[in-house]
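Since the structure comes first, as structure tokens, the remarks are kept for the end.
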Amino acid sequence: MPMTGRRLTSLLAYVTTAAAGASLLSGCGVLPGTTGGSREPVTVMTWAPDGTRATNMPGMPAMAQAYARWANAGGGIDGHELRILTCNEQNTSAGAAACARRAVREKVVAVVGSYSQNGRAFMAPLEAAGIPYIGGYGISEDEFTSPLSYPVNGGQASLLAGHGMQLAASCRKVSLVRPDTIAGDKLPDLLNSGLRTSRHGSATDIPALEDAAEYTQPAGRARSEAGRKNGCVAAVLGERTQTFFDSFRRLPTGDAEGQSVQAGQDSENPSRVRISSVLGSVSQPVIDRTGGARSPFEGAYVTGWYPEANDARWAPMRKVIQEHAFADNRVDPADAGVQTTWIAYTVLKQVIESLDSESITASAVSRALDLGVRIDTGGLTPELRWHYEDMLGAPGFPRIVNGEVTFQVVRQGRLVAQKPGFVDVGETVLSAP
């Protein structure tokens, strides 16, 4: 029997509908929740060290994976499925370079929300391939010098400069214990730039092994150099900061001058040596693990990049973690690495949406950032923009666009704001040698 026009139209409609249904069931084709035609997936990478003897940041790639699950459940980012590659950077230059080479092989459009001290090892391969580095943790100098790096915070530079400002008001003398590494060598000048804002003397610089099992000797020297009254010991050793303050706490109760080694409010006991650090070296999870209100960190001063962990501005991130990180205990919303990754992916999302393109390339992402796309992080940072005129231009850290920090203190086992709002330390960083 010859096929009529009406029957042919009906058959074609049935076949098209069935094929579309099969595509959705198999996970291919148009993503649920999108409009128009299918857009190409976007592949990015997030790396961080894990299982090493020094600082580990497993929460950063885990947060990236949770973010992708959340984004894809809602139809992707502007219709693009978000695909996440993760890599263990291993806290070595070889590991960082290997992760970067893999990113190049996999043709990622960006490396997002990652941690590495080995900037020289990973930036060269990324620059050769034109791959932008968005929202790194801020631990390496290359993150603030490479034209393809787009930092979301002021890195260790702003933390140390801000910490000096925070300590200058309360500490008569300051000892700084920091890693005996190339990155660590920059920290004393930055801390001192903050201390100088209040005409304070320079801190005593005490280099220490980044991966030591105990720190009795540097702890003893730090306490002695901090002085007998209103002294402060600042330790910035990443994950080993907890180990340092455990050694510090175990020092004999006093020395020939009768110093006390416990942290505490100066008004309660002005002879006590107060301890301090920066976010990332001390965090709410560390305080919880070491005893909460009875932790050696009680009373400690802490400088951070972002609002305190219980601030309402973190609610969207907490919701994503609750719904899409399941029982993954690597993803702690109070961890500075997790928070930085969230902000970095917020940047990626808004850049992709601004492009409104069927396919997203690395060059398109970096071009949008260079041309000044504005990023709203919901108040977790100032508005971010990487146009030339927005950069601080500080020696060694020219690409800082967010020079604001927060001053916090540990009270009753919780990190809370010591001073409301953000403190701009841009000029202080500029004044560092």
Counting only residues in the stretch 202-241 that are among the β-branched types (Val, Ile, Thr) and over 27 Å from TYR115 (Cα atoms), the one least open to solvent (accessible area, probe 1.4 Å) is identified as THR204
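Is one or more of the residues making up the stretch 78-87 of a type outside the set (Lys, Arg), part of a helix (DSSP H, G or I) and open to solvent by 10 Å² or more (accessible area, probe 1.4 Å)?
no
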Yes or no: ALA234 assigned to a loop (DSSP other than H, G, I, E, B), modelled with pLDDT of 90 or more and either farther than 28 Å from GLN412 by Cβ or within 27 Å of the chain's Cα centre (by Cα) (or both)?
no
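Test of understanding: among GLY162, GLY184, which residue is under 21 Å from the mean Cα position of the chain (by Cα), of a type outside the set (Ser, Thr, Tyr) and under 19 Å from ASN56 (Cα atoms)?
Among GLY162, GLY184, only GLY184 is under 21 Å from the mean Cα position of the chain (by Cα), of a type outside the set (Ser, Thr, Tyr) and under 19 Å from ASN56 (Cα atoms).
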Going residue by residue through the stretch 143-157, is there one that turns out to be surrounded by 22 or more Cβ atoms within 10 Å (Cβ to Cβ), without any contact (Cβ under 8 Å) to a residue 40 or more places away in the chain and in contact with a strand residue (DSSP E or B) (Cβ under 9 Å, 6 or more places away or on another chain)?
no
The residue that is nearest to VAL410 (Cα to Cα), considering only those in the stretch 163-177 that are surrounded by fewer than 24 Cβ atoms within 10 Å (Cβ to Cβ) and touching an Asp or Glu at 6+ places or on another chain (Cβ under 8 Å), is SER170
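Considering the stretch 390-433 alone, what residues qualify as being aliphatic (A, V, I, L, M) and open to solvent by 10 Å² or more (accessible area, probe 1.4 Å)?
Keep residues of the stretch 390-433 that are aliphatic (A, V, I, L, M), which gives 391-392, 394, 400-401, 405, 409-410, 415-417, 423, 425, 429-430, 432.
MET391, LEU392, VAL401, LEU415, VAL416, ALA417, VAL423, LEU430, ALA432 - these are the residues of the stretch 390-433 that are aliphatic (A, V, I, L, M) and open to solvent by 10 Å² or more (accessible area, probe 1.4 Å).
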So which pairs qualify, if the first residue must be in the stretch 68-97 and at positive phi, the second must be part of a helix (DSSP H, G or I), the Cβ gap must be under 8 Å, and the two must be at least 6 apart or on different chains?
ASP78/ILE352; ASP78/GLU353; ASP78/LEU355; GLN90/ALA96
Leading residue by the ranking (nearest to SER116 (Cα to Cα)) among those in the stretch 180-201 that are crowded, with 19+ Cβ neighbours inside 10 Å and in contact with a strand residue (DSSP E or B) (Cβ under 7 Å, 6 or more places away or on another chain)
GLY184
Would it be correct to say that ARG385 is within 20 Å of LEU279 (Cβ to Cβ), open to solvent by 10 Å² or more (accessible area, probe 1.4 Å), in contact (Cβ under 8 Å) with a residue 12 or more places away in the chain and among the basic types (Lys, Arg)?
no
Scanning the stretch 309-331 for residues that are part of a loop (DSSP other than H, G, I, E, B) and open to solvent by less than 50 Å² (accessible area, probe 1.4 Å), the one nearest to TYR67 (Cα to Cα) turns out to be ALA325
Search the stretch 96-140 for residues being of a type in the set (Gly, Ala, Ser) and open to solvent by 10 Å² or more (accessible area, probe 1.4 Å), and hand back the single one that is farthest from TRP386 (Cα to Cα).
ALA98
Positions within the stretch 174-186 being over 9 Å from ILE206 (Cα atoms) and at pLDDT 95 or above, in sequence order
VAL174
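Go through the residues of the stretch 333-340 one by one and say whether even a single one is in contact with a strand residue (DSSP E or B) (Cβ under 8 Å, 6 or more places away or on another chain), without any contact (Cβ under 8 Å) to a residue 40 or more places away in the chain and not acidic (Asp, Glu). Give the steps one after another, and end with the answer.
Within the stretch 333-340, the first condition is being in contact with a strand residue (DSSP E or B) (Cβ under 8 Å, 6 or more places away or on another chain), and the residues that meet it are 334, 336-337.
Those still in the list that are without any contact (Cβ under 8 Å) to a residue 40 or more places away in the chain too: none.
Within the stretch 333-340 (the criterion being in contact with a strand residue (DSSP E or B) (Cβ under 8 Å, 6 or more places away or on another chain), without any contact (Cβ under 8 Å) to a residue 40 or more places away in the chain and not acidic (Asp, Glu)), the answer is no, since none of the residues qualifies.
Name the residues in the stretch 338-357 that are open to solvent by 10 Å² or more (accessible area, probe 1.4 Å) and either at pLDDT below 95 or within 21 Å of the chain's Cα centre (by Cα) (or both), would you? Before you say what the answer is, go through the steps one by one.
Of the residues in the stretch 338-357, the ones open to solvent by 10 Å² or more (accessible area, probe 1.4 Å) are 342, 346, 349-350, 353-357.
The answer is TRP342, THR346, LYS349, GLN350.
Do we find that VAL365 is of a type in the set (A, V, I, L, M), open to solvent by less than 10 Å² (accessible area, probe 1.4 Å) and either under 20 Å from the mean Cα position of the chain (by Cα) or within 30 Å of ARG39 (Cβ to Cβ) (or both) in this structure?
Values: of a type in the set (A, V, I, L, M): yes; open to solvent by less than 10 Å² (accessible area, probe 1.4 Å): yes; either under 20 Å from the mean Cα position of the chain (by Cα) or within 30 Å of ARG39 (Cβ to Cβ) (or both): yes.
For VAL365, the condition - of a type in the set (A, V, I, L, M), open to solvent by less than 10 Å² (accessible area, probe 1.4 Å) and either under 20 Å from the mean Cα position of the chain (by Cα) or within 30 Å of ARG39 (Cβ to Cβ) (or both) - is met.
The values are calculated or read from the model by the stated rules, or taken from the named source; none is laboratory data. Predicted model, so just to flag it, every value in this text is computed and none were measured. Neighbour counts are summed over all protein chains in view; Cβ atoms, including those assigned to glycine, are modelled from backbone coordinates with ideal geometry. Only protein heavy atoms, including side chains, enter the accessible area calculation; ligands, DNA and RNA are left aside. Shrake-Rupley method; radii C 1.70, N 1.55, O 1.52, S 1.80 Å.
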